[in-house]
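**Q** Before anything else, here's the structure in question.
The values are calculated or read from the model by the stated rules, or taken from the named source; none is laboratory data. Being a predicted model, the structure only gives us computed values, none of them experimental. Reconstructed Cβ throughout: ideal geometry from the backbone, glycine too, with neighbour counts over all protein chains shown. Side chains included, ligands, DNA and RNA excluded: accessible areas come from the protein's heavy atoms. Shrake-Rupley method; radii C 1.70, N 1.55, O 1.52, S 1.80 Å.
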Amino acid sequence: MVRGALPGFQSPLSADELAGLACEAEVESRLVRGRLGGSWQLEHGPFEEASLERLPERDWTLLVQDVDKWVPEIAELLTPFRFIPDWRIDDIMVSFAAPGGSVGPHTDQYDVFLLQAEGRRRWQLSEHFDPTLVPDIDLKLLACFSPEQEFVVEPGDLLYLPPNVAHYGLALDRAMTLSIGFRAPNQRELISSCAEQLISGAREELRFSDPERQPAEHPSRIVEADLKQLRELVRSGLAVGDDELDRFLGCTLTRPKPQLEVEGEPLEPRSIERRLVRGERLVRRLGGRLLLLPRGGELWLFAEGQEYQLELSHLDWLEPLADGTLVVDAACAKRYPGALPWLAILLGRGSIQWHR
């Protein structure tokens, strides 16, 4: 618990603006109603404005994912947390709760920082708990919860929760909380994704064959020679070197969520140069996923699930652009003349955008 981590903090987003986002089809949102000891109900957005206006005075929470992808002022709040690499950052979820509102006692499988933005919330925590879940509901709530620690937080307070710490937050009045969540890919996700790539690259022409087969004495048996060839077919398809695996990981870690995919703006380098000369500027897009991997004398660039190989010298301008500290203007493009073709690619992928 860090008291006053952001002294005098005021949320850049109002409850009404959050409700507006929850009404948008491309925005992931949820509504949780209920209280401890009673029943729980989960609804998924998008919501009708009228239905949100009819919510009762107590015991509900509205949650909106990826608010940092839609609201620049919320995205700026990630800056203090970038001591952790970008690929580990997932999103900022914003929740607004009426008095008594909660999502129930539960655990998360990833690190999270909870920044109180408005009102007061009571957090109860436990590191030793019964993992049994409440049956027959859509929420993964702990059936039995006994707190070991308790904090009442106010605007500007920050609570860090490691993975697998049980926590139960309860709004004491109208309360808004920003959850800065971090990605922690599990083995099943990575292997599943890798398997899809291996399948797409498997060669159909490589097939079992046995032109020299002798008549079988025992047709119900599989012989060692057949097993050896089948094993080799499978193993050769699973053989992945470090470079190939690193390319797969870079593409996987930069692949956007389906609801956050955007259509880029395809432009020729000369068209981009003309617009820059006219005074327009390019910046990294909110939600754009970029990763850089210097490898030997090359620079591997991963953008929105795609991989590119560049000369290592491009790191001079690409790294500050990916870090969000570089605004590309005409002077920058002149200083790095080789950047224009790659700016065209990034603009086409939706990783960068024209500064508004």
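**Q** So with the 1.4 Å probe, I'd like the accessible area per residue for the chain, rounded to whole Å².
**A** So the chain comes to 57 Å² accessible per residue, rounded to a whole number.
**Q** Tell me the GluC sites (Glu not before Pro) within segment 209-250 that lie in a loop according to DSSP and have at most 14 other beta-carbon atoms within 10 Å.
**A** The qualifying sites are GLU212, GLU217.
**Q** From largest accessible area down, sort TRP40, TRP70, TRP317; use a 1.4 Å probe on the protein chains.
**A** Largest accessible area first, the list is TRP70, TRP40, TRP317.
**Q** Here's something else I'd like to know. Which loop-located trypsin sites (Lys or Arg not before Pro) does segment 213-251 contain, where loop means any DSSP state but H, G, I, E or B and the Cβ has at most 12 other Cβ atoms within 10 Å?
**A** Counting only loop positions with at most 12 other Cβ atoms within 10 Å, the trypsin sites (Lys or Arg not before Pro) in segment 213-251 are ARG213, ARG221.
**Q** About its Cα centre, how strong a charge dipole does segment 71-196 have in debye, to the nearest 20, once Lys and Arg get +1 and Asp and Glu get -1 at the Cβ?
**A** It comes to approximately 60 debye.
**Q** Among (1) 21.5, 68; (2) 19.7, 63; (3) 25.7, 85, find the value of Rg and Dmax of the Cα atoms in Å that was calculated from the structure presented, and write down its label.
**A** (3)
**Q** Starting from the Cα of THR79, step 7 Å along the direction of its Cβ; do the same at ARG255; then give the gap between the two resulting points in nm.
**A** Taking the simple label geometry, THR79 and ARG255 are separated by 3.3 nm.
**Q** Within segment 12-108, which trypsin sites (Lys or Arg not before Pro) sit in a loop by DSSP and count at most 16 neighbouring Cβ atoms inside 10 Å?
**A** ARG35, ARG54, ARG58, ARG82
**Q** Can you give me the % of accessible surface on segment 237-310 that is carbon or sulfur? Probe 1.4 Å, all protein chains present, nothing else counted.
**A** After summing per-atom areas, the C and S share lands at 49 percent.
**Q** A further question follows. With charges set only on the Cβ (+1 for Lys and Arg, -1 for Asp and Glu), what does the dipole of the chain come to about its Cα centre, in debye to the nearest 20?
**A** Approximately 480 debye in magnitude.
**Q** Tally up the carbon and sulfur contribution to the accessible surface of segment 121-178 as a whole percent, 1.4 Å probe, everything protein left in place.
**A** 50 percent
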